[in-house]
Amino acid sequence: MKFTLSWLKDHLDTTATLDEIVETLTMIGLEVEDVDDRSAFAPFTIAKVLSAERHPDADKLQVLSVDIGDGKPLQVVCGAPNARAGLVGAFAGPGTYVPGIDTTLGVGNIRGVESFGMMCSERELELSEDHDGIIDLPPEILADAPVGTPFADYAGLNDPVIEIGITPNRPDALGVSGIARDLAAAGLGTVKSPKIDPVKGGFPCPVAVDLTSDDAAEFCPAFGLRLVRNVKNGPSPKWMQQRLKAIGLRPISALVDITNYVTFDRGRPLHVFDADKVTGNLMVRRATGAEEFLALDGKTYTPTSSHFVIADDNGPESLAGVMGGEESGCSLETKNVLVESALWDPLTIARTGRDLGIITDARYRFERGVDPQFMVDGLNLGTQLVMDLCGGAASDELIEGTIPAADMTIEFPVSETKRLTGLDVGSEQAASILTRLGFDVSGSGDRLSVGVPGARPDVHGKADLVEEVMRIYGVNEIEPQPLPALSSVGCRILTTGQKRTRDTRRTLAARGMSEAVLYSFIPKAHAEHFGGGQGELALANPIASDMSDMRPSLLPSLLAAAKRNADRAMGDLAIFEVSHVYAGVEIDDQSRSAAGIRRGSARLESVGRHWREAAKGVDVYDAKEDALAVLAACGMDPSKVQIEAGGPDWFHPGRSGTFKLGPKVVLGSFGEFHPMTLEAMDVTGPLCGFEIHMDAIPEPRKRANRSKGALTLSQLQPVRRDFAFVLEKSVESALVLRAASGADKKLIEQVRVFDVFEGGSLGADQKSLAIEVTLQPTDKSLTDDQIDAISAKIVANVEKTTGGVLRG
C-alpha cells in the first residue's frame with residue numbers, strides 16, 4: 001500500500017515529521033517497507049533559454065544559452081524541436097541522475113560542441129510518456145517560481161511516498177483514511193477525513209439491478225448504482241494525476257482515475273460503465289462457462305459457472321468485483337456514466353481471481369473484506385467527484401439488496417490485556433484506544449461492551465481487542481521477563497520424531513547428499529505410479545495442473561528434481577528429503593519418511609570423471625548403504641533388520657530389497673528404479689534410491705539413566721580369519737553373516753563379505769561366499785587352540801544354518 005505524505009495529511013491533522021510518522025506506522029503494526037523522500041528530483045531546477053542557435057555541424061541540433069539563476073548562463077546542446085529562446089523548462093546539470101533514461105549526466109561533447117547538462121522532457125522526469133519535446137512551462141510561472149528554484153516544488157515532486165506492508169487481516173488499512181485513523185489513535189494527530197454528504201438526485205436511475213438469479217444474493221448482498229448524465233470526460237486534474245503516478249498507477253481519464261483514487265483514498269473499489277454501451281438492465285449471475293469476456297486489460301477470459309459476472313442483455317459486462325469489461329468501459333467519448341458500488345463475497349472473489357489469474361486492486365480489497373457501511377458513502381463520493389470533475393447531473397441512488405449491519409458486540413474484560421501481554425492498561429485508557437480506532441465502546445470497570453465496526457472484519461473475539469489495545473499502547477512498552485529458573489536438569493526436549501528427523505538429515509548430509517525441500521503435491525499420473533492417486537487425495541484447488549494430488553511417496557518428487565537438474569547438465573546428483581507422505585485423509589494415514597536418490601556417478605566415494613579410472617554408475621548397493629545409515633540414525637541396529645529380495649513395483653525386481661522387522665512390519669525399501677518407472681517419470685540415466693518409513697521404526701526401549709564411561713579400546717591385537725563357503729545361489733549373505741556372528745558374540749567384533757564367486761567348477765546353482773571374521777580379545781591374547789575352536793564353531797553354525805560347506 002503506497003501513499004504520499006500530502007495525501008495522508010488530507011485525512012490526518014498532524015505536525016509530526018516524516019520520520020515520526022514512519023516510526024509510528026511500524027510500531028502500530030503497519031510496517032514501513034520503503035520511503036521515497038523524492039530527493040532524486042532535488043537537482044532539477046527551473047531554467048530559461050536565453051538564446052537558441054543552430055549547431056554548426058548538425059541540422060537538427062541547437063546550441064542553447066540557458067539561465068539557471070546563478071548569473072552564469074550555461075551552454076547546452078539540445079535536439080528538441082520545441083527548443084527556442086524564451087522557453088522556461090526543467091534543467092539538469094552535470095552529475096544529475098535522470099530517472100527516465102537511467103543515466104547520470106556529465107559534461108558532453110556533441111559534434112565538437114560542449115554541452116553542460118540538458119533541458120528535460122516529461123518522460124525523462126517520469127512525469128508522462130511524452131518525449132516529443134522538452135518541458136515548456138508558461139512564462140508567468142516565473143513570478144511564483146523564479147529561475148533557479150527547484151522544479152520539484154513547482155511540479156509537486158517533493159511529496160514523499162510511503163509504502164507499507166499490509167497483512168491479510170488488515171483490510172481497513174488499504175485506504176489512506178484507515179491509515180490516518182490508526183495514526184490518530186496512536187496520538188499522532190486528529191482525523192480530518194472530508195465528510196461525505198449525500199448527493200441529491202434529479203431523476204430515477206433508469207437502469208435496474210437484478211440479484212435474484214441463482215444464489216447471486218449470497219454472493220452480492222447489496223448493489224448500489226447511479227447514473228450521471230451529460231458528463232465531459234477528459235484528463236483528471238493535476239493533483240490527482242500526481243498522486244496516482246506517485247503510487248505507481250497510470251492516469252487514464254477522469255472517470256477511470258476517480259475510481260482508482262477512491263479505491264486508495266477510502267479502501268472502497270468502484271466501477272464505472274459507459275451507460276450508452278449498456279443494453280437493458282444489469283444482472284448479477286453466474287457465468288455460463290461458454291461466454292467469452294474481453295476485460296479492460298485487453299485479455300479474453302472464459303469464466304466458469306463458479307464465477308459471477310455483471311451482465312446486461314448483450315452478456316457479461318464485468319467480472320464481478322475483479323475487473324470491468326472493455327465493451328462497456330469509459331472513454332473520452334463517454335457522455336453518460338453508471339457509477340457502481342457493491343458488496344461481494346470475499347471467498348468467491350478470491351477464487352475467481354485465482355482461477356483466472358487476475359490480480360487487481362479491487363480484487364485485493366474485496367477478497368480481504370471492505371466496510372459494508374461505507375458502500376453508500378463510497379457511491380456518493382464517486383458520484384460527487386464525477387460531477388465535480390466532469391460535470392453532469394446525477395440520478396437518485398439505486399440500492400438493491402440489504403447492506404449487512406455491523407451488529408457484532410464483544411464482551412471485553414480489560415484484565416485480559418494484562419494476562420495476555422503483560423501490559424497494565426487501565427479500563428479508561430483501553431476504552432479510549434478502542435474508541436479512537438472506531439469501535440463503539442460502552443460499559444465501565446473491568447468489563448467493556450465493544451461494538452465492532454464493519455471496517456474491521458478481522459476482529460472476532462476478546463484476544464483481537466487485546467491486540468488492538470497492545471499495538472496502539474505500544475509493543476515496546478512490554479517489559480522483557482526472564483524465563484523461570486528450573487530446579488533440576490530438564491528432560492529431553494525433542495520428541496522421538498524430531499530427533500530422528502534431525503539425525504537423519506545430518507547423516508545423509510555427511511554421506512554427500514544434498515537436502516531438497518519439495519512440494520507435497522505431484523501430478524496424478526506420478527501419484528498413481530507410486531501407489532497413490534485416490535480420489536480423496538486429489539486437491540480441490542491445486543495451485544497448478546501438475547500439482548493435483550498429495551504424494552504417496554517422496555520418491556516421485558525427488559525423481560522430478562533429478563530430471564530438472566539433469567536437463568541443466570547436473571547429471572551426477574545425490575539428494576534426499578525428510579517429510580510427510582499421504583496414504584489417505586485420516587490422521588493415521590499421514591506418516592514421515594526419509595528418501596533419497598543418487599544419479600549418474602554420485603556414489604559416496606566417487607570422484608566423478610577422472611583420467612585414472614572410469615566413473616562407476618550408482619547401483620542398488622549405494623541405495624542400500626544410504627538406507628542402512630538412516631536406520632542407524634533412527635536408533636535401529638541394522639544387524640537386527642531382515643532384508644528380503646525385491647521391493648515395490650517402482651524398483652527393479654532383481655535389483656531391490658525390502659527392510660522388515662518380522663513378517664508384517666515393513667521399514668522401507670531400496671534399489672535401482674524399474675525402467676518402466678523411469679519412462680513414466682521421463683527420467684534417464686543410472687538411478688537408485690531408497691525410502692524409509694520412519695514412523696514404522698519401533699520406539700527405543702527406555703533404560704535407566706546411567707552415565708556412560710569413556711570409550712575403552714583393547715590394547716590387544718585383533719585376529720582376522722577368512723572363510724569361504726560353497727552355498728546354493730538362493731542363500732542370502734545376511735544369513736551367513738548372522739550365523740557366523742552368533743558363534744561367539746563376545747569375541748567376534750565384525751563379520752563382512754569380501755568376495756562372491758559363481759561359475760567354473762562350482763556348477764550352475766552354486767556360489768562361493770567369502771567372509772572375514774574379526775576377533776577382538778579384551779583381557780588376554782588368544783591361543784591357537786582358542787582360535788581354532790571359535791573357527792570350528794563358526795563353520796558349524798554356517799553349515800547348520802545355510803546348508804553350505806567350507807570350501808576346500
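The values are calculated or read from the model by the stated rules, or taken from the named source; none is laboratory data. Predicted, not measured: the structure shown is a model, and the values here were computed from it. Neighbour counts are summed over all protein chains in view; Cβ atoms, including those assigned to glycine, are modelled from backbone coordinates with ideal geometry. Keep in mind that these areas ignore ligands, DNA and RNA; they rest on the heavy atoms of the full protein, side chains included. Shrake-Rupley method; radii C 1.70, N 1.55, O 1.52, S 1.80 Å.
Every condition in (1) hydrophobic (A, V, I, L, M, F, W, C); (2) more than 24 Å from the chain's Cα centre (by Cα); (3) modelled with pLDDT of 95 or more holds for Ala583 except the one numbered (3).
Mind checking whether some residue in the range 724-739 is surrounded by 15 or more Cβ atoms within 10 Å (Cβ to Cβ) and part of a loop (DSSP other than H, G, I, E, B)? The answer is yes; a qualifying residue exists.
Could you tell me how many of the residues in the range 62-109 are among the β-branched types (Val, Ile, Thr) and in contact with a His (Cβ under 8 Å, 6 or more places away or on another chain)? Even if it seems obvious, please write down each step before you answer.
At the first step, the residues of the range 62-109 found to be among the β-branched types (Val, Ile, Thr) are 63, 66, 68, 76-77, 88, 96, 98, 101, 103-104, 107.
Right, trim to in contact with a His (Cβ under 8 Å, 6 or more places away or on another chain) and you get 63, 77.
Of the residues in that region, 2 qualify.
What about Ile790, is it farther than 30 Å from Lys660 by Cβ, buried (at least 16 other Cβ atoms within 10 Å of the Cβ) and of a type in the set (Val, Ile, Thr)? Yes, satisfied. Residues in the range 203-249 that are closer than 20 Å to Val309 by Cα, buried (at least 17 other Cβ atoms within 10 Å of the Cβ) and small (Gly, Ala, Ser): Ala216, Ala222, Gly224.
Scan the range 186-200 and tell me whether some residue there is in contact (Cβ under 8 Å) with a residue 40 or more places away in the chain and in a helix (DSSP H, G or I). Looking for residues that are in contact (Cβ under 8 Å) with a residue 40 or more places away in the chain and in a helix (DSSP H, G or I), one finds none in the range 186-200, hence no. Listed conditions (1) outside any helix (DSSP H, G or I); (2) surrounded by 14 or more Cβ atoms within 10 Å (Cβ to Cβ) are all met by Arg609, apart from (2).
A search for C-beta distances below 6 Å between a residue of the range 450-463 that is closer than 21 Å to Leu174 by Cα and any residue that is open to solvent by 20 Å² or more (accessible area, probe 1.4 Å) and of a type in the set (S, T, N, Q), counting only pairs 6+ apart in sequence or on different chains, returns Gly454/Gln373; Asp458/Asn169.
Quick check on Thr15: is it among the β-branched types (Val, Ile, Thr), touching a residue at least 40 places away in the same chain (Cβ under 8 Å), surrounded by 15 or more Cβ atoms within 10 Å (Cβ to Cβ) and under 25 Å from Asn158 (Cβ atoms)? Walk me through it before giving the result.
Details: among the β-branched types (Val, Ile, Thr): yes; touching a residue at least 40 places away in the same chain (Cβ under 8 Å): yes; surrounded by 15 or more Cβ atoms within 10 Å (Cβ to Cβ): no; under 25 Å from Asn158 (Cβ atoms): yes.
Answer is no for this residue.
Do we find a residue being closer than 15 Å to Ala47 by Cα and free of Cβ contacts under 8 Å to residues at least 12 places away in the same chain anywhere in the range 84-100? There is no residue in the range 84-100 that is closer than 15 Å to Ala47 by Cα and free of Cβ contacts under 8 Å to residues at least 12 places away in the same chain. In this entry, Asp159 passes the filter for residues that are part of a loop (DSSP other than H, G, I, E, B) and under 26 Å from Thr17 (Cα atoms). Figure legend. Inter-residue proximity from the range 650-673: first residues over 18 Å from Ala632 (Cα atoms), second residues of a type in the set (Asp, Glu) and assigned to a strand (DSSP E or B), beta-carbon distance below 8 Å, spacing 6+ or different chains. Indicated pairs: Phe651/Glu672; His652/Glu672; Arg655/Glu672; Ser656/Glu672. Within the range 283-307, being in contact (Cβ under 8 Å) with a residue 60 or more places away in the chain and either loosely packed, with under 14 Cβ neighbours inside 10 Å or closer than 16 Å to Gly357 by Cα (or both) holds for Ala295, Asp297. Do we have any residue at all in the range 19-30 that's under 19 Å from Arg243 (Cβ atoms), buried (at least 21 other Cβ atoms within 10 Å of the Cβ) and of a type in the set (Val, Ile, Thr)? Checked against the condition, which is being under 19 Å from Arg243 (Cβ atoms), buried (at least 21 other Cβ atoms within 10 Å of the Cβ) and of a type in the set (Val, Ile, Thr), the range 19-30 yields at least one hit. The set of residues in the range 612-643 that are of a type in the set (Gly, Ala, Ser) and either open to solvent by less than 40 Å² (accessible area, probe 1.4 Å) or within 19 Å of Gly685 (Cα to Cα) (or both) comprises Ala614, Ala615, Gly617, Ala623, Ala627, Ala629, Ala633.
Among the residues that make up the range 380-398, is at least one of them part of a loop (DSSP other than H, G, I, E, B), closer than 22 Å to Ser213 by Cβ and open to solvent by 50 Å² or more (accessible area, probe 1.4 Å)? No: zero hits. Figure legend. Inter-residue proximity from the range 783-801: first residues in contact (Cβ under 8 Å) with a residue 24 or more places away in the chain, second residues acidic (Asp, Glu) and open to solvent by less than 70 Å² (accessible area, probe 1.4 Å), beta-carbon distance below 6 Å, spacing 6+ or different chains. Indicated pairs: Ile790/Asp744. Restricted to the range 505-524, and to residues there that are in contact (Cβ under 8 Å) with a residue 60 or more places away in the chain, among the aliphatic types (A, V, I, L, M) and crowded, with 18+ Cβ neighbours inside 10 Å, the residue that is nearest to Pro552 (Cα to Cα) is Ala516. Within the range 750-787, can you find the residues that are loosely packed, with under 12 Cβ neighbours inside 10 Å and either part of a helix (DSSP H, G or I) or touching a helix residue (DSSP H, G or I) at 6+ places or on another chain (Cβ under 7 Å) (or both)? Residues satisfying the conditions are Gly760, Ser761, Asp784, Asp785. In the set (1) in a loop (DSSP other than H, G, I, E, B); (2) over 30 Å from Ala52 (Cβ atoms); (3) open to solvent by 20 Å² or more (accessible area, probe 1.4 Å), the condition left unmet by Pro146 is number (2). Quick check: anything in the range 493-504 open to solvent by 70 Å² or more (accessible area, probe 1.4 Å), under 18 Å from Gly596 (Cα atoms) and part of a helix (DSSP H, G or I)? Looking for residues that are open to solvent by 70 Å² or more (accessible area, probe 1.4 Å), under 18 Å from Gly596 (Cα atoms) and part of a helix (DSSP H, G or I), one finds at least one in the range 493-504, hence yes. Taking the range 287-305, which residues are in contact with a Ser or Thr (Cβ under 8 Å, 6 or more places away or on another chain) and within 16 Å of Gly325 (Cα to Cα)? Those that are in contact with a Ser or Thr (Cβ under 8 Å, 6 or more places away or on another chain) and within 16 Å of Gly325 (Cα to Cα): Ala287, Glu291, Glu292, Phe293, Leu294, Pro303.
Taking the range 525-536 on its own, how many of its residues are surrounded by fewer than 20 Cβ atoms within 10 Å (Cβ to Cβ) and either under 16 Å from Pro556 (Cβ atoms) or in contact (Cβ under 8 Å) with a residue 40 or more places away in the chain (or both)? Can you show your working first?
Going residue by residue through the range 525-536, those that are surrounded by fewer than 20 Cβ atoms within 10 Å (Cβ to Cβ) are 525, 528, 531, 533-536.
Next cut, either under 16 Å from Pro556 (Cβ atoms) or in contact (Cβ under 8 Å) with a residue 40 or more places away in the chain (or both) only: 525, 528, 531, 533-534, 536.
Count: 6.
The set of residues in the range 439-478 being open to solvent by less than 40 Å² (accessible area, probe 1.4 Å), outside any helix (DSSP H, G or I) and of a type outside the set (A, V, I, L, M, F, W, C) consists of Ser449, Gly451, Pro453, Gly454, Arg456, Asp458, Gly461, Gly474. Considering each residue of the range 418-437 in turn, none proves to be open to solvent by less than 20 Å² (accessible area, probe 1.4 Å), at positive phi and either touching a Cys at 6+ places or on another chain (Cβ under 8 Å) or not in a helix (DSSP H, G or I) (or both). None of Gly760, Gly685, Gly689, Gly709 is closer than 30 Å to Ala560 by Cα and modelled with pLDDT under 90 except Gly685. With the range 648-702 as the region, which strands (runs of 3 or more DSSP E) entirely inside it contain at least 3 residues that are open to solvent by 50 Å² or more (accessible area, probe 1.4 Å)? Counting at least 3 such residues, we get 651-661. Within the range 346-378, the residues that satisfy the criterion of being of a type outside the set (Val, Ile, Thr), surrounded by fewer than 19 Cβ atoms within 10 Å (Cβ to Cβ) and touching an Asp or Glu at 6+ places or on another chain (Cβ under 8 Å) are Pro346, Leu347, Ala350.
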